[in-house]
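What follows is a set of notes on a single structure, which appears directly below.
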Amino acid sequence: MSKYLLALDQGTSSSRSIVFDAQGRIVAMAQREFRQIYPQPGWVEHDPKEIWATQLATAQEALAKARLKAGDIASIGITNQRETTVVWNRRTGEPVYNAIVWQDRRAEPTCAALRARGLEESFKRKTGLIVDAYFSGTKLKWILDNVAGARAAAEAGELAFGTVDSWLMWQLTGGAVHATDVSNASRTLMLNVHTNTWDEELLKLLDVPVAVLPAVFPSSHVYGHTKAELLGASLPIGGVAGDQQSALFGQACFRSGLAKNTYGTGCFMLMHTGSQFQTSANGLITTSAAQPTGMPEFAFEGSVFIGGAVVQWLRDGLHAIRASGEVQQLAQSVPDSGGVLFVPAFTGLGAPYWKPEARGAIVGLTRGSTVAHIARAALESIAFQSAALLQAMSRDAVASGGAPVAELRVDGGACVNDLLMQFQADLLGIPVVRPQVIETTALGAAYLAGLSCGVYKSLDELAAQWQVERRFLPTLSRERAQELMQRWEHAVAQATL
C-alpha cells in the first residue's frame, strides 16, 4: 500500500505542496507566491485562477522533487486560508468575481446593520463567532448584491460558493465535487456548529440562497478523486481543514485543554475544548475543530494581528536590520529591553483586547535606549500578546470546570527564534514545546487524509508520532513574570488612549 501523503497548503500569499512519508517527515516541498490585489483601501482580493494554477504547479513540482509517481501517493489533504470567498459558475467553472480575502473589510456596513438590529447574539449562539467582516457569509452577500446578474443566477442554482478548499476540490475533480469540511464551514457565519448543518435562519438574515452552498463533511473523509491527467493518476482527496484547525490537528492537540500557537505574520492560538460548545467570557471566539468523524468538536481561538510582522517593520520601516534573521542577534546584544515596551498595534489590537482604534506605541524610552533595546522589545511584544491570549483561554477553561493550559505547543516561522520561545515560557510559567516538524498546518491535512485511507488507524497512533525538538522551561519567578505582564497591560492602556 502507498505510504506517502500529499498536502496542499493554500495560504494567503503563496501556494505550497508538501509530500510527507507515513512517519510525518517531509520528503519534498514546493512553493509559489501569487499576486495580492488591492482595488481600494480596505479591500483585498486574489485571482481564483491564479490560486488554482500555483497550487497545481506546486503539487506537480513536489512530486517530481520527491521522485515519486502519483501512484505512490495514498491520499491528498487540503488546508487553506480560511474565510476567503470564491463564487463561480457551475457550468463553465468561471469565477464571477475575484476571491474576496479574509483580510478584506468591505462587508463592514452589512455587519454594522446586523449588529444594529440586535442579531449578534443569534449568530454567536449558533456559530460561535462575532458578527465581523472577517467571516465569509457577508463577503458572499456582497458578491451577490454587487456583481451584475449574480443574485438571479445564484437563485436559479447556476452559481457555486466556496472557501478556497471548495474551489480547489472543484478544480481537482473537474467539477464533480462541490464540498467543504466542518472547520472551514464554521468560519462562514452560516453553519450551525451544534448540528454541522447550514442554518436556515442565518441564511435568511444574510439573504443567501441555499442552492449556492457546498455539501459539508467531516474533516477526514473521502471527498472525491482527482482527474487522472492532473497528477498522473486519479487520487483520493481524503482530508480537508482550515489552516489553524489543521495546525491544531498536526500538533496532536486532539483532546480538551491542549493548545497551540502559530507564530506567523500574526499569531493564532487555539485550545481544544472537546465536544462541549463553550462561549468565552474573555474575548475569544469559539470555532469548530478539525473533526475526524461526524461528531462536533470545538476550540477556543484568539488572534494577534501583528506577530512576526513587527520584525518586518523593524526591517522595512525603521531600517534597524537588513534581513529578518538578524533580529535575534541584535536583540541578544543587550541583556534585556532596558524597560522599553513595544505595543505593535499597527492595525488595532485583536483578542483578548478587541481595540480596533489602538495604534502602535513604544514606551519606557530613556537616553540609554538603543535600537537593540527596541528590537528586543519588538520580539518580546509577540510573547506578551500571546501570553495575554493564553491567560484568557486558561480563565475560560477554569470557569467551565477544566484545568488551565499545562503546556503550549508552538509552530510557524517565528517559533525557530529561541530567545522569543524562552521569553514566552518565562511569561507563561509553563513549558513551551517546539516539535520536530514545524510545518504542522500541512502535516495536519496529511494526517486527516491518512486517517481516511487507512495509512493511520487511530488518533493514538498520530499522538505517539508527534516528536519534540525542544522544550523551553520557565526560568523567571512568577512574581517577576506577573510584574512584567502588569507593565505590558499598562503599555497597552497607553496605546489605546
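The values are calculated or read from the model by the stated rules, or taken from the named source; none is laboratory data. Treat the numbers as computed from the prediction; the structure is a model and nothing was measured. All Cβ positions, glycine included, derive from the backbone under ideal geometry; neighbour counts span all protein chains shown. These area figures cover heavy atoms from the full protein model, side chains too; ligands, DNA and RNA do not enter into them. Shrake-Rupley method; radii C 1.70, N 1.55, O 1.52, S 1.80 Å.
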Fill in the blank from the handout: Total charge of the residues flanking V433 in space, meaning their Cβ is under 13 Å from its Cβ, with Lys and Arg +1 and Asp and Glu -1, is +2
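Pop out the carbon and sulfur fraction of the accessible area of the chain as a percent, whole number, probe 1.4 Å. Could the numbers behind the result be given before it?
On the way: 9760 of 18660 Å².
Carbon plus sulfur share of accessible area: 52 percent.
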Practice task
Under 14 Å from the Cβ of G257, count the other residues' Cβ atoms, weight Lys and Arg +1, Asp and Glu -1, and hand me the total.
Solution key: +1
Exercise for the section: Hey, can you grab everything whose amide H is under 5 Å from the amide H of A289? Only 5+ residues off in sequence or another chain; H modelled, so Pro and N-termini drop out. Expected result: E297, F298, A299
Fill in the blank from the handout: Between the alpha carbon centres of the stretch 197-268 and the stretch 316-357 the gap in Å comes to 33 Å
Problem - Dipole of the chain, positive end: most advanced residue of A107, Q329, L428 [Cβ charges, Cα centre] - result: Q329
Fill in the blank from the handout: Counting only residues 5 or more apart in sequence or on a different chain, those whose built amide H sits under 5 Å from that of G224 are I237
Exercise for the section: For the stretch 1-64, list log₁₀ I(q)/I(0) at each q in 0.17, 0.24 Å⁻¹, using the Debye formula over Cα point scatterers of equal strength and ignoring solvent, two decimals each. Expected result: -0.60, -0.92
Handout entry: Options P292, F268, H221, ranked by Cα towards positive dipole end of the stretch 174-326, top entry (Cβ charges)
Key = F268
Practice task
Take a quick pass over the chain and tell me how many lysine pairs come in under 26 angstrom between Cα atoms, counting only ones 8 or more apart or on separate chains.
Solution key: 27
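One quarter of the convex hull surface, Cα atoms only: what value does that give for the stretch 298-432 in nm²? Walk me through the numbers before you get to the answer.
On the way: hull surface 35.2 nm².
Averaging across all directions leaves 8.8 nm² for the Cα convex hull.
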Exercise for the section: Can you work out the accessible area per residue across the stretch 240-389, with the rest of the protein chains kept in place, probe 1.4 Å, in square angstrom? Expected result: 35 Å²
Handout entry: Heavy-atom accessible area order for R359, R487, R434, largest first, 1.4 Å probe
Key = R359, R487, R434
Problem - Alpha-carbon centroids, the stretch 47-61 and the stretch 65-122: separation in whole Å - result: 15 Å
Practice task
Go through F472, G283, A442 and say which Cα lies farthest out towards the positive end of the charge dipole of the chain; charges sit on Cβ, +1 for Lys and Arg, -1 for Asp and Glu.
Solution key: F472
Practice task
Place a +1 charge on the Cβ of each Lys and Arg in the stretch 359-497 and a -1 charge on the Cβ of each Asp and Glu, then give the dipole magnitude about the Cα centre in debye, rounded to the nearest 20.
Solution key: 360 debye
